[in-house]
C-alpha cells in the first residue's frame, strides 16, 4: 500500500471513529433493539477494523525506504568492559536479520561504513557509560567518525541495559541476553538493534512480549498502527532514499560504467523480498563483476 492510499485509509478510519462516537443513529444501535440493528453495528465495526489494516505483504519494492547505517566497533585496551569482540562477519549477519525484521514496514538499513575505532577517553567515561548515562555513552564516541544524515550504532562489551537509543547514536551491548518467546528472533543482538531502531522511528515500549517494542524479549512483531507510525516518521527523514530512486541511479551508472553501479546494486540486492527489481540488481552485480555487456531489462 503506497503512502497516498495509506492516508486515505487513515482518513476513512478516523471518520468512521468520529461517526461511531457522535452519531445519534449509532447510539440508538447500541441498544440492539432489533437483529437488523445488531448486524448493522457489526458490519460497521468490521469496516472500521479493516480500514486500520496495513499488511506486510502489501508493501512492495516501490514502497521500500533505504537508510544508511554507520556501525562502530569500539575498542579500549585499558577498559575490557568497553571493548567489543564483534567482527565484520557478525555485523553482516546482524544487519541481515535486522532487515528481515523491518521488511514488514518497508524499511531497509544498509551499511554505509563499518568503523573499528578506539573509544574516546574510556578511562573518564567508562563507569558512567556502564550505567547507561547519556554523557558517559555519548562521550565514548570518537569525534573523527561523527557524521550527520545516517544512523550510528555503537557496539560495546558491557553496560547495564541491553541497548539504548539516543538521537545521536544507538548503543548495543554485545553480551545482550533476552527472554525467548514464540516466533522470536534466534539471537539477541539483531533483536536489540531492531528494537532500538524502533525508537528512532517514534515507536514506544509495548507490554506484548511478542512485539518488537517489548523490553527484554526476542519478539519481533509489529501491528499495523506501529508500521504506519514508523513509515510516517521515516518519510519525514529527508536523507532516506526510496528504492526505485536508487535503482534508477544505479541503472544510469551501469550504462556508463558498470563497476561504479556495484555499490548501489549491492544495497538493492539485499532487500529481503521476492521482487523482479531485486533480482535485476543481483544480475547486474554478476554482469559487472564478469565484465559482461549490458543486457536491457524489461521495464527499463
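The values are calculated or read from the model by the stated rules, or taken from the named source; none is laboratory data. Note that this is a predicted model, so its numbers are computed, not measured. Every residue, glycine as well, gets a Cβ built from its backbone with ideal geometry; the counts of neighbours run over all protein chains shown.
Kindly establish whether residue 156 is closer than 23 Å to residue 71 by Cβ, surrounded by 15 or more Cβ atoms within 10 Å (Cβ to Cβ), modelled with pLDDT of 95 or more and within 16 Å of the chain's Cα centre (by Cα). Judged against the criteria, residue 156 is not a match. Might you let me know whether the stretch 271-291 holds any residue that is under 27 Å from residue 155 (Cα atoms), touching a helix residue (DSSP H, G or I) at 6+ places or on another chain (Cβ under 8 Å), touching a residue at least 12 places away in the same chain (Cβ under 8 Å) and outside any helix (DSSP H, G or I)? Yes, that holds for at least one residue. Within the stretch 97-108, is there a residue that is in a loop (DSSP other than H, G, I, E, B), surrounded by fewer than 19 Cβ atoms within 10 Å (Cβ to Cβ) and not assigned by TED's automatic domain parsing to the domain that holds residue 246? Scanning the stretch 97-108, I find no residue that is in a loop (DSSP other than H, G, I, E, B), surrounded by fewer than 19 Cβ atoms within 10 Å (Cβ to Cβ) and not assigned by TED's automatic domain parsing to the domain that holds residue 246, so the answer is no.
Within this structure, residue 114 passes the test of being surrounded by fewer than 17 Cβ atoms within 10 Å (Cβ to Cβ), more than 21 Å from residue 139 (Cβ to Cβ) and either in contact with a helix residue (DSSP H, G or I) (Cβ under 8 Å, 6 or more places away or on another chain) or at pLDDT below 95 (or both). Looking only at residues of the stretch 214-233 that are in contact with a strand residue (DSSP E or B) (Cβ under 9 Å, 6 or more places away or on another chain) and surrounded by fewer than 19 Cβ atoms within 10 Å (Cβ to Cβ), we find that the one that is nearest to residue 284 (Cα to Cα) is 221. Filtering the stretch 230-270 to residues that are in a loop (DSSP other than H, G, I, E, B) and over 14 Å from residue 68 (Cβ atoms) leaves 236, 257.
So that you can scan it fast, the table gives a plain yes or no per residue for (1) in the same structural domain as residue 69 (by TED's automatic domain parsing); (2) part of a strand (DSSP E or B); (3) in contact (Cβ under 8 Å) with a residue 60 or more places away in the chain:
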| position | (1), (2), (3) |
| --- | --- |
| 153 | yes, yes, yes |
| 172 | yes, yes, no |
| 175 | yes, no, no |
| 182 | yes, no, no |
| 185 | yes, no, yes |
| 191 | yes, no, yes |
| 197 | yes, no, yes |
| 202 | yes, no, no |
| 228 | yes, no, yes |
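Confirm whether residue 92 is more than 15 Å from the chain's Cα centre (by Cα), at pLDDT 95 or above and over 23 Å from residue 220 (Cα atoms). It is false that residue 92 is more than 15 Å from the chain's Cα centre (by Cα), at pLDDT 95 or above and over 23 Å from residue 220 (Cα atoms).
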